[in-house]
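The block underneath contains the structure these notes are about, expressed in structure tokens.
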Protein chains: 4
Amino acid sequence: MSQGIRVTVWNEGIHEKEMPRCQEIYPLGMGGTIASYLEKQPGIASVHCSLLDDPDQGLSEEILDNTDVMTWWGHKAHDQVTDENARRVQERVLKGMGLIVLHSGHYSKPFTSLMGTRCNLKWREHGEHGEKERLWVVDPAHPIVEGLPEYIELPSTEMYGEPFGIPQPDQLVFISWFQGGEVFRSGCCWHKEAGRVFYFKPGHESFPIYHNEHVMKVIYNAVKWAAPVRMARGYTQGNYQPLEQLD
Amino acid sequence: MSQGIRVTVWNEGIHEKEMPRCQEIYPLGMGGTIASYLEKQPGIASVHCSLLDDPDQGLSEEILDNTDVMTWWGHKAHDQVTDENARRVQERVLKGMGLIVLHSGHYSKPFTSLMGTRCNLKWREHGEHGEKERLWVVDPAHPIVEGLPEYIELPSTEMYGEPFGIPQPDQLVFISWFQGGEVFRSGCCWHKEAGRVFYFKPGHESFPIYHNEHVMKVIYNAVKWAAPVRMARGYTQGNYQPLEQLD
Amino acid sequence: MSQGIRVTVWNEGIHEKEMPRCQEIYPLGMGGTIASYLEKQPGIASVHCSLLDDPDQGLSEEILDNTDVMTWWGHKAHDQVTDENARRVQERVLKGMGLIVLHSGHYSKPFTSLMGTRCNLKWREHGEHGEKERLWVVDPAHPIVEGLPEYIELPSTEMYGEPFGIPQPDQLVFISWFQGGEVFRSGCCWHKEAGRVFYFKPGHESFPIYHNEHVMKVIYNAVKWAAPVRMARGYTQGNYQPLEQLD
Amino acid sequence: MSQGIRVTVWNEGIHEKEMPRCQEIYPLGMGGTIASYLEKQPGIASVHCSLLDDPDQGLSEEILDNTDVMTWWGHKAHDQVTDENARRVQERVLKGMGLIVLHSGHYSKPFTSLMGTRCNLKWREHGEHGEKERLWVVDPAHPIVEGLPEYIELPSTEMYGEPFGIPQPDQLVFISWFQGGEVFRSGCCWHKEAGRVFYFKPGHESFPIYHNEHVMKVIYNAVKWAAPVRMARGYTQGNYQPLEQLD
């Protein structure tokens, strides 16, 4: 990755159009806010913002050809992402693209397809102030926690609770505590063939989560962690032909 | 599981019709051979044989309602299994049904959907005698190796080699060695929500693999390992409604 | 395990002698309470109670020869367990004995030696009523959760919090939520060579935790899960001689 | 790690004194050969060579204070490393130092203490030419395989075979195939509290393994992977005091 990481921030972009509170908190949109943060960080070569409303839903082959790591935020319109586009994202991950799935992206097609499970979880209707969440670091050796304190406290969030219908993470990095009595595996890593996937819970549309410095640090750390590993030229990555018979 | 485990042995059943060598080795078919072994073992309540040619491809709701653990063998006709039936199997696993995927079942729809990856692997064209494989036990604490020696030797098999495009197993039980220079993660366990999945490599249609006592012992051990865990009544297993707002 | 599991309940036995509240809650002692529960369960062949004050600290070769699974509760006197006895327990685990480490046993010599880490954790001084804990099931496919609801609620416990200085569990079964704002990996499984280890957090000496039916169900389930797997006779379990040179 | 990684290459240094063949293959010693390679790589700030014969066995507090990642090669004199020095290395790992354990270092005190197991393995007496080994990459998403082909072939090595008495790796990166019929988990990663450990099998003293470019690339990749993660100042890393009682 010596030339720097090319990031695509995929954002559904519906709350930003329809919900005054979201517009007020995120004048740039959630995607724009994340992109604006990432593009100032060392080692990031470029940041492209994609929206559901873009041509090809912002997921064309050309865009993916220029993406090392993708972040994904979706909530209301998971079904509108076409099966073909979702499959394209999944395949790119299997061939090496990093994928950072944020908050309600747990129900997105690329994430559920990669997990092979339903990714259900508990949640609670929240009022204006939401409730308190603490994300505890449980793997202090993981590069995703570089620079963090022992927990991140969010005074107002939406609760997501266990059981979370995911396969066991290869590495569990954060566990969240919620005021109302629940816990949640809120930072989870998987290797999926040649690609890496990180699910990170923070990010509700009606709270200023993406203005929290620690949350943003995690997203940046995760982008670096998920950047593709390049094996030597000629590594076939799963497009096998049968080998010749032994003598 | 005090009443015993109800097993469904799903078998594609095509080689058994078309390939004299397979018929000769397996007069009962591969499915029938496995079923005939399992039904004699302690703790097995019933064994049902399903075939691709059966009504509903042997995967009706009624059959699944009466299945605790399913074994799956397929090779030539993965695409003929309907998406609806494959999804039904996947959902049953997520709700608790055990699934034992055998040999070329690595490319079956239920398995690739549960893994979220392509499940590619290397293989070699084989002649009449195939090549030698040794399955080494690498997790001697796992119930699937009960009663086994330190490795199972198969004098004539088809080679399956790494890289195998699966997510990292929750537990890796066997690693295979092949005469021609390859290795393979040949016994792999995953928890998938409430269900358990075991992939086991042995089982080519042109070698008498399912007449090997150790191979059959592994399948039986795996059936016991994969039998559903029953939580208390009322456990909602992922069909969540939002909780009420905190005061 | 067809003849049933032989359990040894190892208990430090000091609070039982010195602390009136502990005596009141546990007239049989904590060890006696656990033993009395286990010996009534199906599949348990025998339950032996060992105490720190016993000859050989209750850890003689003879006792270990007759133990399939050991439960361990210690708190004040970890250092009094001799290095030789601790090593004997560790070696038995590596050769197949199951070990269930309870509550403050996280600092015991056998546990820290098996983990290879310091096993530090956070805790809070507690008053007469302690605080509320909920142990959430996060792996509904695990045999240790058989028969449980989605969480176990303990109204009065001592808080144990992250970071918990353990290696990543092979399987994480429970995560605890505490009233005061902490989380804890409270049910953790590891395979250690031929043996299995389960750490389970509940069990403070001044609260009636071992009278909770769900806590006891977990201990019983864990005993069954940790029972030794027997490979075929002649499996050498790590006492290797060099093999002869290849021709 | 913006200032670069400070590496200490710890080498037993006995074969280099006693064994002409080793001297011939490694005029700089094995440690010197590794150090000489690493110090030319980008991102490496310094490389210090430590020997068993050095003052404090090359493991003084001062040396460790200036070490981000240590590589360890030992074989004949594991017992000569003092318990105090071995414990110091272990504790440094738990506080964040990376550790790369090479070849027969599997039996070293720091490694067996960190694993909590005996780390036994099979081996075969070898003649002048040893036997062929292939290290297959089984986790193409892992940074340790950056730049590698799908397997590394070593024409002459010593066989190490399963069962290998280690806990299940957090990430299994390489599996070795041996001419004589064995397999081995030859590249294994663990997180141990704040530190990372990589075991890598290649490196016999009588074959020119550390002149193989791919082997050296793996060691360099592993050094980068194992470099310490720095959490924010004030992260207590396990030296806990009890928290105050809840109101």
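The values are calculated or read from the model by the stated rules, or taken from the named source; none is laboratory data. Note that this is a predicted model, so its numbers are computed, not measured. FYI the Cβ positions are ideal-geometry reconstructions off the backbone, even for glycines, and counts take in every protein chain you see.
Here are the criteria: (1) part of a loop (DSSP other than H, G, I, E, B); (2) touching a Ser or Thr at 6+ places or on another chain (Cβ under 8 Å); (3) more than 30 Å from B:PRO140 (Cα to Cα). Tell me which single one C:GLY181 does not satisfy.
Result: C:GLY181 passes all but (2).
Check region C:115-124 and report whether any residue there is assigned to a helix (DSSP H, G or I) and touching a Cys at 6+ places or on another chain (Cβ under 9 Å).
no
Within region A:171-194, work out how many residues are under 18 Å from the mean Cα position of the chain (by Cα) and touching a residue at least 60 places away in the same chain (Cβ under 8 Å).
So the count comes out to 5.
Inspect region C:63-71 for any residue being over 30 Å from D:LEU121 (Cα atoms) and within 18 Å of the chain's Cα centre (by Cα) and give the result as yes or no. Lay out the reasoning, then the answer.
Our first condition is that a residue be over 30 Å from D:LEU121 (Cα atoms); within region C:63-71, this holds for none.
No, region C:63-71 has no match at all.
A quick yes/no check of all residues on (1) crowded, with 24+ Cβ neighbours inside 10 Å; (2) more than 14 Å from chain B (Cβ to nearest Cβ); (3) out of contact with any His (no Cβ under 7 Å at 6 or more places or on another chain):
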{"residue": "C:GLU182", "(1), (2), (3)": "yes, yes, yes"}
{"residue": "C:ALA194", "(1), (2), (3)": "yes, no, yes"}
{"residue": "C:TYR199", "(1), (2), (3)": "yes, yes, no"}
{"residue": "C:PRO202", "(1), (2), (3)": "yes, yes, no"}
{"residue": "C:PRO208", "(1), (2), (3)": "no, yes, yes"}
{"residue": "C:GLU213", "(1), (2), (3)": "no, no, yes"}
{"residue": "C:VAL218", "(1), (2), (3)": "yes, no, yes"}
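If you go through region B:8-48, how many residues are under 17 Å from B:VAL69 (Cα atoms), touching a helix residue (DSSP H, G or I) at 6+ places or on another chain (Cβ under 7 Å) and outside any helix (DSSP H, G or I)?
The total comes to 9.
Here is a list of conditions, (1) among the charged types (D, E, K, R); (2) out of contact with any Leu (no Cβ under 7 Å at 6 or more places or on another chain); (3) modelled with pLDDT of 95 or more, and D:ARG185 meets all of them except one; can you say which number that is?
All conditions are met except number (2).
Please go through (1) over 20 Å from A:TYR160 (Cα atoms); (2) more than 10 Å from chain B (Cβ to nearest Cβ); (3) surrounded by fewer than 23 Cβ atoms within 10 Å (Cβ to Cβ) for A:SER113 and return the number of the only condition it doesn't satisfy.
(2)
For residues that are of a type in the set (A, V, I, L, M, F, W, C) and either within 16 Å of A:TYR199 (Cα to Cα) or modelled with pLDDT under 95 (or both), scanning just region A:153-165, find the one that is surrounded by the fewest Cβ atoms within 10 Å (Cβ to Cβ).
The qualifying residue surrounded by the fewest Cβ atoms within 10 Å (Cβ to Cβ) is A:PHE164.
Going by what's in this entry, would C:GLY43 be described as more than 21 Å from C:ILE14 (Cβ to Cβ) and exposed (fewer than 15 other Cβ atoms within 10 Å of the Cβ)?
yes
Restricting to region C:190-228, count the residues that are closer than 20 Å to C:GLU133 by Cβ and either of a type in the set (S, T, N, Q) or not in a helix (DSSP H, G or I) (or both).
The number of residues fulfilling the criteria is 13.
Determine which single condition D:GLY127 fails, assuming it passes every other condition in (1) crowded, with 23+ Cβ neighbours inside 10 Å; (2) within 9 Å of chain C (Cβ to nearest Cβ).
Looking at each condition in turn, D:GLY127 falls short on (1).
Of the conditions (1) buried (at least 24 other Cβ atoms within 10 Å of the Cβ); (2) more than 12 Å from chain D (Cβ to nearest Cβ), C:ASP56 clears all except one; give me its number.
Status for C:ASP56: all satisfied but (1).
Based on this model, can you work out whether D:GLY127 counts as farther than 28 Å from D:ARG230 by Cβ and without any contact (Cβ under 8 Å) to a residue 24 or more places away in the chain? Quick ask: steps written out before the conclusion?
On the way: farther than 28 Å from D:ARG230 by Cβ: yes; without any contact (Cβ under 8 Å) to a residue 24 or more places away in the chain: yes.
When the stated conditions are applied, D:GLY127 passes them.
Looking only at region B:132-170, which residues are within 18 Å of the chain's Cα centre (by Cα) and among the hydroxyl-bearing types (Ser, Thr, Tyr)?
B:THR157, B:TYR160
Go through region B:137-167 and count every residue that is within 14 Å of chain C (Cβ to nearest Cβ) and in a loop (DSSP other than H, G, I, E, B).
Residues in region B:137-167 being within 14 Å of chain C (Cβ to nearest Cβ) and in a loop (DSSP other than H, G, I, E, B): 10 in total.
Among the candidates B:ASP68, B:ASP79, which residue alone is touching a Lys or Arg at 6+ places or on another chain (Cβ under 9 Å), of a type outside the set (Gly, Ala, Ser) and buried (at least 21 other Cβ atoms within 10 Å of the Cβ)?
Criteria check complete, one pass: B:ASP68.
For the subset of region B:130-152 comprising residues that are buried (at least 19 other Cβ atoms within 10 Å of the Cβ) and small (Gly, Ala, Ser), which member is nearest to B:TYR220 (Cα to Cα)?
Looking at the filtered set, the residue picked out is B:ALA141.
For region B:71-104, how many residues are over 17 Å from B:ARG230 (Cα atoms) and either in contact (Cβ under 8 Å) with a residue 60 or more places away in the chain or in a loop (DSSP other than H, G, I, E, B) (or both)?
Matching residues across region B:71-104 total 14.
Pick from region A:115-152 the residues that are under 18 Å from A:HIS103 (Cα atoms) and acidic (Asp, Glu): which of them is modelled with the lowest pLDDT?
For region A:115-152, the residue satisfying everything is A:GLU125.
Can we say A:TYR107 is hydroxyl-bearing (Ser, Thr, Tyr) and within 14 Å of chain B (Cβ to nearest Cβ)?
Answer is yes for this residue.
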